[in-house]
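K.L.:
Take this structure, written in structure tokens, and hold onto it; I'll ask about it next.
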Amino acid sequence: MFELQSLWDVILLIALVIAFAPVFGAYLGRVYMDRPAFGDILLLPIETTIYRLLGTSPRRSMRAGEYMLALLLVNGGVWAFLFFFFTHQQSLLWNATGAPNMSWDLAFHSASSFTTNTDFTHFTNESQMSLGSLVIAWPLALFCSAATGLSVAAAMFRGFVRKDGTLGNYYVDMVRTTTRILLPLAVLFALLLVILGVPETFTNVLTAHPLTGGTQEIILGPVASFSSISLLGTNGGGFYSANAASPLANPSAVSNLFEVFVMMLIPFSTPFAFGQVIRKRGEAWPFVATILIVVAVALGLFIAYQAAANPSLAGITALGPQSNGYPVGQETRFSLPEGSLFQVVSVYSNVGANNMMIGALSPVAQLVLLFGMFTQSTPGGEGTGFGTLLLFAVLGIFVGGLMVGRTPEYLGKKISTGQVRWAALALLIHPAAILIPFVVAVTGGFVSVDTGSLASSAHTFTSVLYEFTSESANNGSALTSNYINDATPFFNITGAFIMLVGRFVPIWAMLVVGGKFAEQDVLPPGPGTLRTASATFTIYITLFLVIVSVLLFLPVIALGPLAQIVGGT
């Protein structure tokens, strides 16, 4: 049970984000189209110097293949740096806690995780990560992976307004994303987190003296700055293993709501950046409405089933109605709507930060979180989430055009089989990257399935499904189940490949689709042109997104979450 007035915090926060998003989205659009924007006087000379050091120029625009090659070179360099740092952290800077070197397979998984904006961890931060890794290595990936996602979205947007087949310059996009968006906001939000009580220090260990006697070592560090870029860049990896459930990283209800705002700002602003780029701001609203519809339904279901009676506790007469829900794993510092908002927004924005123990949630709540990772686009990760939603739109418009016998086109650009093939590849690679390893893990004996009851076997299936889904979606949230041990070479190596495929294959598809649009002239609208800035298109694209996502994953859902519901867990 919960008090209805606690929902006002949730409603007001969402309204605040929707108020900020058009303004900030317009700023993003001006940045990526090199139009006059706030900060030009200060930042243009700095950026020009960086371009000279990189040997590139904003006037040099790349086609899809060259853009992708530059992207892989930069991300490959980050990956190599992380792998080296993690396998040698014992002898590198700032290791007061004596964190050991990572094994090669764990370092392979960790470097792949952070490079791909996933931040899924198979280790305990406090004991297996040095302060140097948390301050030097990991933050580099936090900025680079977020900037990469936004750069890809910007390149794809340009495909709808250009005619020469080029998408922009990756190095320029990365620089401008860092200097004008991520770095200023990360500094600002870190300062606000410090004001809200999040620590920011280079002291690694603090010895406390509890009232019960003895001593206790508390791990500290630049938690505020780490959390700021982690949440802002939809990375989600927490400074502490408890993530946002730790009082040091998320000390109060106010900080909890502020961190939700940080997670929502860029993903909800990106559709408006798209509208600014194509100079049709009305085209952003159907996508924003689709995102809001899906998130609102998901949040409603999540709260309702977390507050509902738990059938596993129904036979215990000593428990009252207040304790007959799913209270285990929920932070009592936050109300149920506030805690649920953080968890749903985190997963649906592909942040992956946790303030609840997902393994203790109701089966329906777990299914709600899984669906957010199935779509990857409501709103999805930094840049790539909206890119995925555009791919859904391309497929939906193509299917709709075939149904009514019209030539499919979007924003004056014809949709051909070339765009459809690549859009379909991007959407199909996601279930393939999940289901194939899922089958190998279960049938190959890498997971021990308890067949003693439907509930236990279904929970095992859900645990494996959630792990691989989180990695393929580059989400990073973890179910933390006792049914599987993912700190093994199999899960490290398999998970690393899942994350790399789930990240870079869709990015390549987005760039190719954008490149194909960039080769076309813009056609004037005719009598048969589909009006996409309309309520009808909003309803259509929402239903198309939901139906396709459900059909892609229905069989494996039946083995896990649906079976848990039937089993009464």
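The values are calculated or read from the model by the stated rules, or taken from the named source; none is laboratory data. Keep in mind that what you see is a predicted model, and the values were worked out from it rather than measured. FYI the Cβ positions are ideal-geometry reconstructions off the backbone, even for glycines, and counts take in every protein chain you see.
K.L.:
Among the numbered conditions (1) touching an Asp or Glu at 6+ places or on another chain (Cβ under 9 Å); (2) assigned to a loop (DSSP other than H, G, I, E, B); (3) not acidic (Asp, Glu), tell me where VAL10 comes up short.
P.N.:
(2)
K.L.:
Looking at ALA15, ALA37, which is the one that is among the small types (Gly, Ala, Ser), without any contact (Cβ under 8 Å) to a residue 60 or more places away in the chain and either in a loop (DSSP other than H, G, I, E, B) or within 22 Å of GLY300 (Cβ to Cβ) (or both)?
P.N.:
Criteria check complete, one pass: ALA15.
K.L.:
Report whether or not PHE120 is in contact with a Gly (Cβ under 6 Å, 6 or more places away or on another chain), buried (at least 19 other Cβ atoms within 10 Å of the Cβ) and more than 25 Å from LEU206 (Cβ to Cβ).
P.N.:
yes
K.L.:
Taking the condition exposed (fewer than 13 other Cβ atoms within 10 Å of the Cβ), more than 28 Å from VAL505 (Cα to Cα), in contact with a helix residue (DSSP H, G or I) (Cβ under 9 Å, 6 or more places away or on another chain) and modelled with pLDDT of 95 or more, does VAL23 pass?
P.N.:
Answer is yes for this residue.
K.L.:
Output the residue which, of all residues in the range 399-426 that are assigned to a helix (DSSP H, G or I) and buried (at least 21 other Cβ atoms within 10 Å of the Cβ), is farthest from the chain's Cα centre (by Cα).
P.N.:
Selected residue: GLN419.
K.L.:
Say whether the condition of being modelled with pLDDT of 95 or more, surrounded by fewer than 17 Cβ atoms within 10 Å (Cβ to Cβ), part of a helix (DSSP H, G or I) and of a type in the set (A, V, I, L, M) is met by at least one residue in the range 78-90.
P.N.:
The answer is yes; a qualifying residue exists.
K.L.:
Restricting to the range 118-145, and then to whatever is part of a loop (DSSP other than H, G, I, E, B) and not charged (D, E, K, R), can you tell me which residue is nearest to SER228 (Cα to Cα)?
P.N.:
By that ranking, first place goes to THR118.
K.L.:
Any residue at all in the range 486-498 that's of a type in the set (A, V, I, L, M, F, W, C), in contact (Cβ under 8 Å) with a residue 60 or more places away in the chain, part of a helix (DSSP H, G or I) and closer than 21 Å to ILE557 by Cβ?
P.N.:
Yes.
K.L.:
Could you please let me know if LEU299 is assigned to a helix (DSSP H, G or I) and either farther than 30 Å from ALA37 by Cα or not small (Gly, Ala, Ser) (or both)?
P.N.:
Criteria met by LEU299.
K.L.:
Moving on. For a quick check of your reading of the model, give me the residue pairs whose first member lies in the range 156-174 and is part of a strand (DSSP E or B), whose second is surrounded by 24 or more Cβ atoms within 10 Å (Cβ to Cβ) and modelled with pLDDT of 95 or more, with beta-carbon atoms closer than 6 Å and at least 6 apart or on different chains.
P.N.:
GLY168/ALA155
K.L.:
Another question, then. Can you work out which of the residues in the range 50-69 that are of a type in the set (Gly, Ala, Ser) and in a helix (DSSP H, G or I) is surrounded by the fewest Cβ atoms within 10 Å (Cβ to Cβ)?
P.N.:
GLY65
K.L.:
Please tell me if ILE219 is farther than 19 Å from SER377 by Cβ and either at pLDDT 95 or above or among the β-branched types (Val, Ile, Thr) (or both).
P.N.:
Yes; evaluated as a whole, the condition is true for this residue.
K.L.:
Can you tell me how many residues within the range 26-47 are over 25 Å from GLU382 (Cα atoms) and surrounded by 13 or more Cβ atoms within 10 Å (Cβ to Cβ)?
P.N.:
Result for the range 26-47: 0.
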